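What follows draws every value from the coordinates through simple rules; no lab data is involved. Computed from a prediction, not measured in an experiment: that's the story for all the values here. Note: ideal-geometry Cβ built from the backbone for every residue, glycine included; neighbour counts use all protein chains shown.
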Amino acid sequence: MTEYEKAEAGLLYQAHLDPEVDKGRRRSQELNYDYNMLRPCQLAERDRMIRENFGRVGANCVIEQPFYGDFWERISVGDNFFSNYNFVVLAGNKIEIGDNVWIAPDCGLYAAGHPFDVKMRLEGMEYGWPIRIGNNVWIGGGVKIMGGVSIGDNAVIAAGSIVNKDIPANVLAGGNPCKVIRQIRPEDDEKYVRGFQGWK
């Protein structure tokens, strides 16, 4: 089993022992640079780069610059995906994102990590665990999602959260560590219908 294959299996691996892993990271760094140097008006070129290099891309994908990812080929997004400025994806394993997912600025998906044991870290050991985000999920600003996490359909993750455990569908969750706050309710939309009521 190669080090790259160990990574995709969720096992400890040593990236420096496999030239293919290093080659993949260097390639992604070049892609990051080229993507982020495109002018904002070059929407077709941005779309082309994403479609040619991600694992899967649905219709209507928008990823604002700057974007930073490693192993672009492990990233899959569904229809109507949007990520705002400064989206970071460490794809040590597969990243699977559903349809109609919105990601606010300064968010990170960290499907990569290192052992707690210092000797293993100094030997270059690392691991990659997958991240799965369901359909219709809204992720607030500054959220960080760790490897091994799944987020259910229709969930809302509050700004600034650190998500290190699975989050079920149809809930508002937030905090560090991120926990379910409550179910999402129909009456949640009433305040938006009424309009802003503060500062009076």
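Worth a mention:
- Peptide packing: for 15-22, 143-150, the average count of neighbouring Cβ atoms within 10 Å per residue gives the ranking 143-150, 15-22, highest mean first.
- Between Ala59, Ala104, Ala44, the Gaussian network model of the chain with springs among Cα atoms under 10 angstrom shows the greatest mean-square fluctuation at Ala44.
- Percent RCO, i.e. relative contact order, over the chain, from Cα pairs under 8 Å lying at least 6 residues apart: 13 percent
- When you count the other C-beta atoms within 10 angstrom of each residue and take the mean per peptide, 174-182, 187-195, 78-86 line up highest first as 78-86, 174-182, 187-195.
- Computed about the Cα centre, the dipole magnitude for the chain is approximately 540 debye when only Lys and Arg (+1) and Asp and Glu (-1) carry charge, each at its Cβ.
- Debye log10 I(q)/I(0) at q = 0.17 Å⁻¹ for segment 3-194, Cα point scatterers: -1.13
- Of all DSSP bridge pairs formed entirely within segment 3-194, close to 20 percent run antiparallel.
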